[in-house]
Structure formats: structure tokens, C-alpha cells
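Written below as C-alpha cells is the structure these notes are about.
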Amino acid sequence: MDFETQIKELCATAKGPYRRPFVPNTKWASANVFIIGTNPATPLRKEFASFDEYWNGLTARPEVFEKHYSAKHGGEASKTTKNIRKLVELLQPLNCLVTNVSWYPAKTKKEIPDAEWQLGKCALKTLISHCRPSVLFCHGQPAEEFAQWLGASVDRYALPETQEFVMNGMLILAFHHLSGMGIRGAPFDLPSALQHFTATIERHVRAL
């Protein structure tokens, strides 16, 4: 069984929302940079005629996915999504794959079953091993803890310009969740932080 088939089987849930391994990306398997958050916030299933249409929207025809996704949001993107798009834009032409620690879509973390966290961590680790990105950018506490679970020494409170942890040739960075929420006693100068992270990522990729 090839790797994509394995992911498809994992995401094709029997009921409830389909698991979402990443934001639509036609070149997902060759991503240079993984942008890792907590979990997808928008459950989707009945919006698609079939799982095959859903998967096709994730991997081949992003416009199909975006049509259903935007309709559910009334055409509006969340603050997190907008900030992730800013980072992706800054990093062009690098191929960024936007993913999460948990692949179970839910509006709040409390709605995510406990088993989905462990399943998601293991699935994400396998995805990283398959794609072999040059950089992991982990935003938010669950993503930071995932990086530490992998063996990385990272701290989302560390200044962006001081972060340089590399493991097996892969640069691993940590930052506050890109929603800007949940930060206590720490500045959240997102434009400056993203500029610093972009420079660090580009420097690391050039050196490979």
C-alpha cells in the first residue's frame, strides 16, 4: 500500500467529520516547510458528494475544497488562517504544507476525542518522515509539545531571532499560536516575528 492510500484510509472516517491531514496542496508530498498548528477548526463531510471529492479537493483541485470551505464560513477566513497565509506568502517560493497536531476537525479543543490526539501525533510524525521537510514551524502549545515529543528542544516564548534548533538536518521552530490568543505576559508582534522566522527559514534552506 502506498503512503497516500494509507492517509486516505485514515481520513475516510465512517462517521463524523473527515479527518484533514493538511490544507489543500497539490504538491503536498514535496513540501519544504511544515506549518504545524493545533487542529482544523471546520468539520466537513456532508458538504462533499463523497470522500473521493473531498480528497480530490485536498490534493488535486483546491478550488473544489475552497468552494465548500468558504461557503461554510460565509466567505470569511479566521484570524489564524489569515496569519498563516501571510507566513506562506512571505516564504514563497518555498512549498509550505499547513497541517496540525490533531487531524480531527473541531471548533474547540474540548471537542477532540482523547484518542485523536495520539492518532494525530503518530500520523503527523509519519507524514514528516515521508515528506522529509527542511523546516517545522510549530505554533501554539500542542504543536510545541509535539516538537518536544519528537525530541526537539524548543520554546515558543523564545525570541524568534534566537531560535536555531536543528535535528537530523531539520530546523524546528516554535511560536505562539498564530491566532494571537492564549499568550500571557509575552509580546505578540506578529509582523516582526514572521519577518525573523522567514529570514531564519530561508537561510536554513539555502544552506542545505
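The values are calculated or read from the model by the stated rules, or taken from the named source; none is laboratory data. No experiment lies behind these values; they were computed from the predicted model shown. No Cβ is skipped: glycine too gets one built from the backbone with ideal geometry, and neighbour counts run over all protein chains shown.
Return the total of residues in region 7-54 being free of Cβ contacts under 8 Å to residues at least 24 places away in the same chain and assigned to a helix (DSSP H, G or I).
Matching residues across region 7-54 total 3.
Yes/no matrix, rows are residues, columns are (1) more than 18 Å from residue 105 (Cα to Cα); (2) touching a His at 6+ places or on another chain (Cβ under 8 Å):
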site	(1), (2)
8	no, no
29	yes, yes
35	no, yes
47	no, yes
63	yes, no
81	no, no
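Only one residue in 133, 105 is at pLDDT 95 or above, touching a Pro at 6+ places or on another chain (Cβ under 6 Å), closer than 26 Å to residue 27 by Cα and part of a loop (DSSP other than H, G, I, E, B), so which one is that?
Testing whether each residue is at pLDDT 95 or above, touching a Pro at 6+ places or on another chain (Cβ under 6 Å), closer than 26 Å to residue 27 by Cα and part of a loop (DSSP other than H, G, I, E, B) leaves just 105.
Hey, among 51, 65, which residue is of a type outside the set (D, E, K, R), farther than 17 Å from residue 124 by Cα, surrounded by fewer than 17 Cβ atoms within 10 Å (Cβ to Cβ) and at pLDDT 95 or above?
After ruling out the rest, the residue left standing is 51.
Within region 20-40, which residues are hydrophobic (A, V, I, L, M, F, W, C) and either touching a strand residue (DSSP E or B) at 6+ places or on another chain (Cβ under 6 Å) or surrounded by 17 or more Cβ atoms within 10 Å (Cβ to Cβ) (or both)?
22, 23, 28, 31, 33, 34, 35, 36
Just to be sure, is residue 88 under 20 Å from residue 180 (Cβ atoms), in contact (Cβ under 8 Å) with a residue 40 or more places away in the chain and either outside any helix (DSSP H, G or I) or polar (S, T, N, Q) (or both)?
Criteria not met by residue 88.
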